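The values are calculated or read from the model by the stated rules, or taken from the named source; none is laboratory data. Source: prediction; values computed, not measured. Ideal geometry is used to build each Cβ from the backbone, glycine not excepted, and the neighbour counts take in all protein chains shown. The accessibility values were calculated without ligands, DNA or RNA, using every heavy atom of the protein model including side chains. Shrake-Rupley method; radii C 1.70, N 1.55, O 1.52, S 1.80 Å.
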Amino acid sequence: MTMRLPAHLAMLGDAERSLALTHRAVTSEHAADADVVLACARFARQCDERAQAVDAFAAERYPLKGETFNPLVAPDFGRAEGDSIGLLRDLAALHQFATRVQVTWEHVEQAGHGLHDRGLIALASRGFGDLDVQVKWVKHRMKNEAAQALIATG
């Protein structure tokens, strides 16, 4: 039986890089929303840092040896309407993808418990917690945007 953790860690690093690109796409699409631009730019940097951390940890402890993985697919941006409904749609897609990445961190943490690997548990717990802040911000920002987007006339 083959341990699938190395491939899962590779998938997680890739997913964090994709999430960083997704945050950057939101900043590009909604440059007029300063709070979105600032938060998503900061979140993108954090995603890059998490990707580097998981890649370094995996290379040292659980190197990928020819296994393949199915990547988590990021949402497609670039067609959004530049108004509040477009922002709401993009935030919803960002929330969905970030939540999928967060669940992946949770899976890795459970593997750490199964392996009694305190380093892996700490890495995954930190990754999950950092991403939780992002997910909560996106959800809060969606709630604020929803009323404006859905009841605005014109």
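When residue 9 is tested against (1) closer than 23 Å to residue 129 by Cα; (2) open to solvent by 70 Å² or more (accessible area, probe 1.4 Å); (3) not polar (S, T, N, Q), exactly one condition is not met: (2).
Within segment 13-43, the set of residues being under 18 Å from residue 133 (Cα atoms) and either open to solvent by less than 10 Å² (accessible area, probe 1.4 Å) or more than 17 Å from the chain's Cα centre (by Cα) (or both) comprises 15, 16, 19, 20, 22, 23, 26, 35, 36, 39, 40, 43.
Taken over segment 98-116, the criterion of being open to solvent by less than 10 Å² (accessible area, probe 1.4 Å) and of a type outside the set (S, T, N, Q) is satisfied by 98, 101, 105, 108, 112. Is it the case that segment 88-97 has a residue that's under 16 Å from residue 27 (Cα atoms), in contact with a helix residue (DSSP H, G or I) (Cβ under 6 Å, 6 or more places away or on another chain), crowded, with 17+ Cβ neighbours inside 10 Å and among the charged types (D, E, K, R)? Scanning segment 88-97 turns up at least one residue that is under 16 Å from residue 27 (Cα atoms), in contact with a helix residue (DSSP H, G or I) (Cβ under 6 Å, 6 or more places away or on another chain), crowded, with 17+ Cβ neighbours inside 10 Å and among the charged types (D, E, K, R).
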